[in-house]
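In what follows, a single structure is set out as structure tokens and then discussed.
The values are calculated or read from the model by the stated rules, or taken from the named source; none is laboratory data. Note that the structure is predicted; figures quoted are calculated from it, not measured. For neighbour counting, all protein chains shown are included, and Cβ atoms are generated from backbone atoms with ideal geometry for every residue, glycine included.
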Ligand code: DQQ
């Protein structure tokens, strides 16, 4: 439906048509980044899942390749589900993925490239002895999926983990293997959190507490923490925690049990799920992919003929300044899409006002901004404000002494549609300031069959830091990063008026008691090339 073609993104990864979900098996191999993904070749709804495949030199421009794997065997006839790649020391690749069998049992299967000398890794072979893992006693046949990338033990074996549950406790099982063919289930769980339900797409990786670069998956020791992430099937969000991995015991312990996996921090407070990282040896960094689903109706997806995009790949590092969270930031290659820019220096946005930003069409932008709140106002507020919550405190229309203020993206001239991305500062009873970072989709569209949540959470702001934000705007996606990526929010929006040339950008300040000063740099963004596979080779 060409009426809706404006919703297609310009620099986020998406297939030409139909349904996509989780990123799978991301890796860097012989000069190419590989992205596989859950894909329905015949419809814009979930089902008939195959592994789509695309390659890139720079994580931005892509070439679509033939499907890597399709459901063609009893051990995956119900779907070639999510999995991960492991690069062995001899350079070989093994791929582990979940198959839904002819009897709807979730099993783990092994696959490998037919021709390791092909940098594009076009053809894949499924191991003849599949499945290599079946649900162990005590685990439901439908709660056993999404194996991780393997990591090495000091005695040369490999371990992988995968999500499951006991009753309502989310758990991560660990298996040890020498050859990825036969496995031993370790007695201890990597981790378990009561009440969090089924853990999908578990990810487990080290981050350096001292260095700037990313760590390969097997690294452990002093100066290393481990991130454990689970995608909660019950509420469809990706939760993570930082902790310590005890290799000997095979268990991971969170730094702060009150911020454990599934009850603490999220990668992203918006529409974002089933994410997965990989280590990129060419730039010594860890890169995160995540699935941005639709928030419109299934009927609308069928009508427009496609559903879902992938997030901008994000570099992940430990936040040395706070010591208690990770930072996520668009990979530096995104900057190569920047075209002309406009600088705005120290614009004052008074309490209760709106300032248009003359940047032309506002559908493909990279926005960076710093905000300073009027000092006197900050210090003058004596009334404590408890219980502010992005989702339930009235969104961008709710007014407090020190917020909300920020941007209106995808706004039409009359502001009949707008997606505010903003900060809100609340003074606690202890006199300390709590800063929230939110995105309000409630007025993002005049359509009524679309999700209109207000997303967000707190964002740590240290003494002396200005408030800062980066927002990537791409037709129907708003991906926002506060304080260098401490808190991230992705909105999937469907304006009806604020589209194409009618989409504008504004600053707003809905605080009652403080003006804010902001300096910004805003780039128009070029489109990425996402090429179809040459027709004669299409399958
Ligand atoms: N998607 C896959 C599963 C996974 C879920 C199926 C998460 O393997 O648990 O498409 O979105």
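Data table
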| quantity | calculated |
| --- | --- |
| Candidates 244, 253, 196, filtered to the one that is assigned to a loop (DSSP other than H, G, I, E, B) and either in the same structural domain as residue 278 (by TED's automatic domain parsing) or touching a strand residue (DSSP E or B) at 6+ places or on another chain (Cβ under 7 Å) (or both) | 196 |
| The range 32-46: number of residues that are within 25 Å of residue 277 (Cα to Cα) and either buried (at least 20 other Cβ atoms within 10 Å of the Cβ) or within 9 Å of the ligand (Cβ to nearest atom) (or both) | 9 |
| Qualifying position, being touching a strand residue (DSSP E or B) at 6+ places or on another chain (Cβ under 8 Å) and within 22 Å of residue 236 (Cβ to Cβ), among 367, 347, 354, 326 | 326 |
| Condition met for residue 169 (under 22 Å from residue 285 (Cα atoms), more than 16 Å from the ligand (Cβ to nearest atom) and surrounded by fewer than 19 Cβ atoms within 10 Å (Cβ to Cβ)) | no |
| The range 74-106, subset within 12 Å of the ligand (Cβ to nearest atom) and part of a loop (DSSP other than H, G, I, E, B), residue nearest to residue 19 (Cα to Cα) | 79 |
| Flag if residue 235 is surrounded by 14 or more Cβ atoms within 10 Å (Cβ to Cβ), within 16 Å of the ligand (Cβ to nearest atom) and either under 17 Å from the mean Cα position of the chain (by Cα) or without any contact (Cβ under 8 Å) to a residue 40 or more places away in the chain (or both) | no |
| Exclusive hit being more than 25 Å from the chain's Cα centre (by Cα), surrounded by 17 or more Cβ atoms within 10 Å (Cβ to Cβ) and within 16 Å of the ligand (Cβ to nearest atom), set 113, 71 | 71 |
| Of residues in the range 199-228 being within 16 Å of the ligand (Cβ to nearest atom) and closer than 18 Å to residue 86 by Cα, the one surrounded by the fewest Cβ atoms within 10 Å (Cβ to Cβ) | 204 |
| Number of the condition not met by residue 471 [criteria: (1) more than 17 Å from the chain's Cα centre (by Cα); (2) modelled with pLDDT of 95 or more; (3) not in a loop (DSSP other than H, G, I, E, B)] | (1) |
| Answer from 36, 67, 28, 11 - the residue that is outside any strand (DSSP E or B) and modelled with pLDDT of 95 or more | 11 |
| Total residues in the range 482-507, condition touching a helix residue (DSSP H, G or I) at 6+ places or on another chain (Cβ under 7 Å) and modelled with pLDDT of 95 or more | 1 |
